[in-house]
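So the structure is just underneath, and the comments pick up after that.
The values are calculated or read from the model by the stated rules, or taken from the named source; none is laboratory data. As the structure is a computational prediction, the values presented were derived from the model and not from experiment. Note that we place each Cβ from the backbone using ideal geometry, even for glycine, and neighbour counts take in every protein chain shown. Just the protein is used for accessible areas: all its heavy atoms, side chains included, with ligands, DNA and RNA removed. Shrake-Rupley method; radii C 1.70, N 1.55, O 1.52, S 1.80 Å.
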Amino acid sequence: MRKNFVEELRWRGMLAQMMPGTEELLQKEMVTAYLGTDPTADSLHIGHLCGIMMLRHLQRCGHRPIILVGGATGMIGDPSGKSQERNLLNDETLRHNQECIKRQVAKFLDFESQDENAALMVNNYDWMKDFTFLDFAREVGKHITVNYMMAKDSVQQRLNGTARDGLSFTEFTYQLLQGYDFLYLYQHYGVKLQLGGNDQWGNMTTGTELIRRTLGSEVETFALTCPLITKSDGKKFGKTESGNIWLDPKRTTPYRFYQFWLNVSDDDAERYIKIFTSLDKETIDALVEEHKADPGRRVLQKRLAEEVTIMVHSREALDMAISASNILFGKATREALEQLDEQTFLDVFDGVPQFEIAPDQLGKPASELFTVDTKVCQSKREIREFLKSGALSLNKDKLADDRAITADDLLGGKYLLVQRGKKNYYLIVVR
């Protein structure tokens, strides 16, 4: 018997609302469902992960997932949940972004399966690029009234909100474009279900209404949404002081990615491990109990961080992230430091005091370089005391005497990492 997709979402806290009859349809037959994402960047971020995980669970429950990359709608912008109109992208940028997104999604969905529920990626630009405005007005616009469109919450919020420029006609028509995607996918791929975030409910139901009015009331299609994920304090999920947490390792290093999940609160870890991993209920329930017995061990956070980092990046990336995490708190070596790429190295020591020196300042003894040229220590006498007690390290190697610091000591040809005691780090940059 086919695994119950709706029940899977329900226990994971991934079900917000669905149209009547959705669960019955999914139990009755293999359903082809789609989820759309706009290619406004060349990477997804973790705010997209809930939707992608919905598709992953859908496929694992025996149904067919389609991810729609909105090459056409991405040129316009969706008013849902936004107070301003988004910037429009050119065709070259959109195509590049789509290719990058496809490579990322392939880690979550099986596009290569020989089974009938193999995943598929489509681009609405392919069927919208030759659709003239007159054709659209005749084939789509005549079926949906302005009254119906005006009643949508996303439209009302923009019209009655604080947005200075109101709502453009371009954005107002977005729900018709998204609705037409559903109609097209129903006719060409047999798509009966649209998935999305709860802020998309209005656009999604416009699609089901357009199909009903275009093809007849006997044609049934459905919509199902996941909740918008927030942190336990109500703040937006996935945002940090440095911005979004991206899936692309060039935008967010695996170390910083791993650290994000490792540092979530206990309450968030219990919710997120259900939403952002494929672990089964028994495993998660056992982890929750183990965590509650000894919260200080942070069992939930560690397992969550491991699972998501492996899924998004790789086992090797996880090992490097753990190794980088241990550098601050464990007995790391210079060799471990040299194995880090530059961005990960800077991420690990983000926030530690930094000093800059010129290349010609190298060659001086530690007592001068670390007191006069930088303020690692307050005085030469203090340096001598640290050297005597073995409390001063350079690049994780203990300094035994007041030797000259040379170019041979540089990490990556430009960095000196000085450690005073167990917890005080200083980064000296040579440039």
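State whether one or more residues within region 33-51 are surrounded by fewer than 19 Cβ atoms within 10 Å (Cβ to Cβ) and at pLDDT 95 or above. No, the conditions are met nowhere in region 33-51.
Among the helices (runs of 4 or more DSSP H) confined to region 165-235, the ones with at least 2 residues that are touching a residue at least 60 places away in the same chain (Cβ under 8 Å), open to solvent by less than 30 Å² (accessible area, probe 1.4 Å) and not β-branched (Val, Ile, Thr) are located at 174-189, 201-215. Scanning region 52-75 for residues that are at pLDDT 90 or above, open to solvent by 10 Å² or more (accessible area, probe 1.4 Å) and part of a loop (DSSP other than H, G, I, E, B) yields one hit, 62. No other residue among 369, 411 is in contact with a Phe, Trp or Tyr (Cβ under 9 Å, 6 or more places away or on another chain) and either open to solvent by less than 30 Å² (accessible area, probe 1.4 Å) or at pLDDT 90 or above (or both) apart from 411. Listed conditions (1) in contact with a helix residue (DSSP H, G or I) (Cβ under 8 Å, 6 or more places away or on another chain); (2) under 21 Å from residue 360 (Cβ atoms); (3) not charged (D, E, K, R) are all met by residue 410, apart from (1). Residues in region 91-133 that are of a type in the set (D, E, K, R) and under 14 Å from residue 52 (Cα atoms) were compared, and the one that is modelled with the lowest pLDDT is 102.
So how many residues does region 379-402 have that are part of a strand (DSSP E or B) and either of a type in the set (Ser, Thr, Tyr) or open to solvent by less than 30 Å² (accessible area, probe 1.4 Å) (or both)?
First, the residues of region 379-402 that are part of a strand (DSSP E or B): 392-394, 397-398.
Filter again for either of a type in the set (Ser, Thr, Tyr) or open to solvent by less than 30 Å² (accessible area, probe 1.4 Å) (or both), leaving 392-394.
Of the residues in region 379-402, 3 are part of a strand (DSSP E or B) and either of a type in the set (Ser, Thr, Tyr) or open to solvent by less than 30 Å² (accessible area, probe 1.4 Å) (or both).
Could you list, in sequence order, the residues of region 236-266 that are assigned to a loop (DSSP other than H, G, I, E, B), of a type outside the set (S, T, N, Q) and open to solvent by 20 Å² or more (accessible area, probe 1.4 Å)? Before the answer, list the steps.
Our first condition is that a residue be assigned to a loop (DSSP other than H, G, I, E, B); within region 236-266, this holds for 237-238, 241-242, 245, 247-253, 263-265.
Next, only the ones that are of a type outside the set (S, T, N, Q) stay: 237-238, 241, 245, 247-251, 264.
241, 248, 249, 250, 251 - these are the residues of region 236-266 that are assigned to a loop (DSSP other than H, G, I, E, B), of a type outside the set (S, T, N, Q) and open to solvent by 20 Å² or more (accessible area, probe 1.4 Å).
Looking only at region 354-365, decide whether some residue is more than 21 Å from residue 407 (Cβ to Cβ) and without any contact (Cβ under 8 Å) to a residue 12 or more places away in the chain. No, region 354-365 has no match at all. When region 335-378 is filtered for residues that are on the phi > 0 side of the Ramachandran plot and either assigned to a helix (DSSP H, G or I) or out of contact with any strand residue (DSSP E or B) (no Cβ under 9 Å at 6 or more places or on another chain) (or both), only 351 remains. At least 3 residues being open to solvent by 10 Å² or more (accessible area, probe 1.4 Å), closer than 28 Å to residue 250 by Cβ and not small (Gly, Ala, Ser) is the threshold, and among the helices (runs of 4 or more DSSP H) wholly inside region 268-330 those reaching it are 299-312, 315-329. Residues considered: 341, 347, 319, 401. Of these, the only one that is farther than 30 Å from residue 305 by Cα and not hydrophobic (A, V, I, L, M, F, W, C) is 401.
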